[in-house]
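Okay, so here's the structure we're looking at.
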Amino acid sequence: MLHERPARTGSDLVMVDDWEARQPKYQRSKEVLAHFTEELGRQPLCAVDASGQPVPVQVMLLCGTDLLESFVRPGVWRPGDVEHILVTHGVACVLRRGCDLGTLLVEEGAPLRRFRDRVILVKEPFDNSVSSSTVRQELRRGHSVKYIVSDAVIEYIKAKGLYAEDEQDTKVEG
């Protein structure tokens, strides 16, 4: 079920669902994408293209370049999961400053070259190197995330006890 969440308050462009956060244990990306694909199959959504024609909505993995780069790091992903995610769902990757995806996607011999048509690169109109990894890292260090995320998101993290299970000493402060 899609819910209004603090991170998307005021935005009509993003839908957020807390299904993954409500699960009793860690969920792998492949399973999360499968869940939402199944949900979308029960209640199909359509967008409209530039000519006004309906276009079916597709579930994709949204990530930053740091996560995309982890696709080729040994031991990070289960064998077969990366190929399944890329082939079945595709990836929308937000470009981060300082990341060279040429060696990953474009150049001859690049490890993900054969999947390059399944990766949409999202260029932001302004420099933004903030990622969920950055937020988690700062919280684990006991640092404030006040000027990284909104106050509503900080309150949500506190109220739900997010990231506390990952690190026993995590203190969420604004």
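The values are calculated or read from the model by the stated rules, or taken from the named source; none is laboratory data. Predicted, not measured: the structure shown is a model, and the values here were computed from it. For neighbour counting, all protein chains shown are included, and Cβ atoms are generated from backbone atoms with ideal geometry for every residue, glycine included. What goes into the accessible areas is simple: the full protein's heavy atoms, side chains included, and nothing from ligands, DNA or RNA. Shrake-Rupley method; radii C 1.70, N 1.55, O 1.52, S 1.80 Å.
Values for this structure:
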item	result
Solvent-accessible area per residue, Å², over segment 33-172 with all protein chains present [probe radius 1.4 Å]	65 Å²
With 5 Å bins from 0: P(r) over segment 62-129, alpha-carbon pairs, percent	4, 17, 28, 28, 16, 6, 1, 0
Average projection area in nm² (convex hull over Cα atoms of segment 106-146, one quarter of hull surface)	4.9 nm²
Percentage relative contact order, segment 27-174, counting C-alpha pairs under 8 Å, at least six apart	16 percent
Rg over Rh, two decimals, segment 25-174 (C-alpha only, Kirkwood Rh)	1.00
Residue-level accessible surface for ASP151, protein heavy atoms, 1.4 Å, Å²	90 Å²
FRET efficiency for GLN27 and ILE148, using Cβ-Cβ distance with R0 set to 30 Å, rounded to 0.05	0.80
